[in-house]
1. Can you tell me the length gained on complete extension of the stretch E214 to S85, counting 0.36 nm per residue apart and subtracting the Cα distance?
2. With each pseudo-label sitting 7 Å past Cα toward Cβ, what's the L65-K115 distance in nm, one decimal?
3. Compute the distance in nm between two label points, each set 7 Å from the Cα along the Cα-to-Cβ direction, one at L108 and one at F122.
4. What is the distance, in nm, between label points placed 7 Å from the Cα along the Cα-to-Cβ direction at A204 and at L146?
5. Just how much of F107 is accessible, in Å², when a 1.4 Å probe is used and the result is rounded to the nearest 10?
6. Per-residue accessible area for L89 at 1.4 Å probe radius, Å² rounded to 10?
7. If E184, E114 are ordered by their accessible area, calculated over protein heavy atoms with a 1.4 Å probe, which sequence runs from highest to lowest?
8. Please list T130, T147, T162 in order of solvent-accessible area, largest first, computed with a 1.4 Å probe with all protein chains present.
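The values are calculated or read from the model by the stated rules, or taken from the named source; none is laboratory data. Note that the coordinates shown come from a computational prediction; the quantities given were computed from them, not determined experimentally. A quick note on method: Cβ atoms are made from the backbone with ideal geometry, for glycine too, and the neighbour counts reach across all protein chains shown. Surface areas here come from the heavy atoms of the whole protein model, side chains and all, with no ligands, DNA or RNA. Shrake-Rupley method; radii C 1.70, N 1.55, O 1.52, S 1.80 Å.
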Amino acid sequence: LCLPKHLFLSTMKLALLSVLASTAAAFAPSQNGRAPTDLSATRAVKKEAAPKKAPKAKAVAPDGLVGALPPVGFFDPAGFAAKASDAELARYREVEIMHGRFAQMAFLGFVIPEKCAYDGAFGDDFLAPTGRALEAFNTDPIWLALTLGVLSCLETVRLIETEPGSRTDAKIESIGWRPKSEAEFVNYQVRELQNGRLAMLAVAGEIVQELVNEKPLLVNLQDSGFVSF
């Protein structure tokens, strides 16, 4: 295809100008980032307008309620104390104390029979074949039912003879166990709470451990080198 000379020169000039314009655009300063859109602007406004969360207030023990010890302090992560009335809070503490007392007896109820079975004090059939305290459900169901029945009767009598606020009265203060100093009596209460809390965790650990590996507690302690017989 042959073009006239003047049309050919015009076409070459236009092509050259296009190349120069595109080259200059390549070196021109560009904008930093993308242009803000309505969506990004809305997100920015929401982000700036979001209020900061106030720090959670530390739980404070109600007046007259013992048991708040460092480093945990008054341990109430679920906020039961903040939601409860004075009467409900007193009931919670009574229930905690009674559960702690039962847990302490339950811990001894695990260790002592298992030690007797380990020594063969009641024959080879006692807590057979594993020697765990949980074997009592299989080997001695009648005695176990009688024990639970007696405990239930004693608890029923206690509930009938006491009123809310005095449920934890074990009727032992008259034999001289209560100290004369009020500060020392508070220490006694704290010790009972702490022992009960530890016993509840210990009994739960005993039950889970014996269900998992089917070994008595004392055998596990001996295998770990904690105790020896």
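1. On the way: separation 129, 0.36 × 129 = 46.44 nm, distance 4.40 nm.
Full extension from E214 to S85 adds 42.0 nm.
2. Roughly 3.7 nm, to one decimal.
3. 1.6 nm
4. Here the modelled spin labels are 3.3 nm apart.
5. 70 Å²
6. Near enough 30 Å² of accessible area.
7. Working: E184 60, E114 5 Å².
Result, largest first: E184, E114.
8. Values: T130 45, T147 75, T162 20 Å².
In descending accessible area the options line up as T147, T130, T162.
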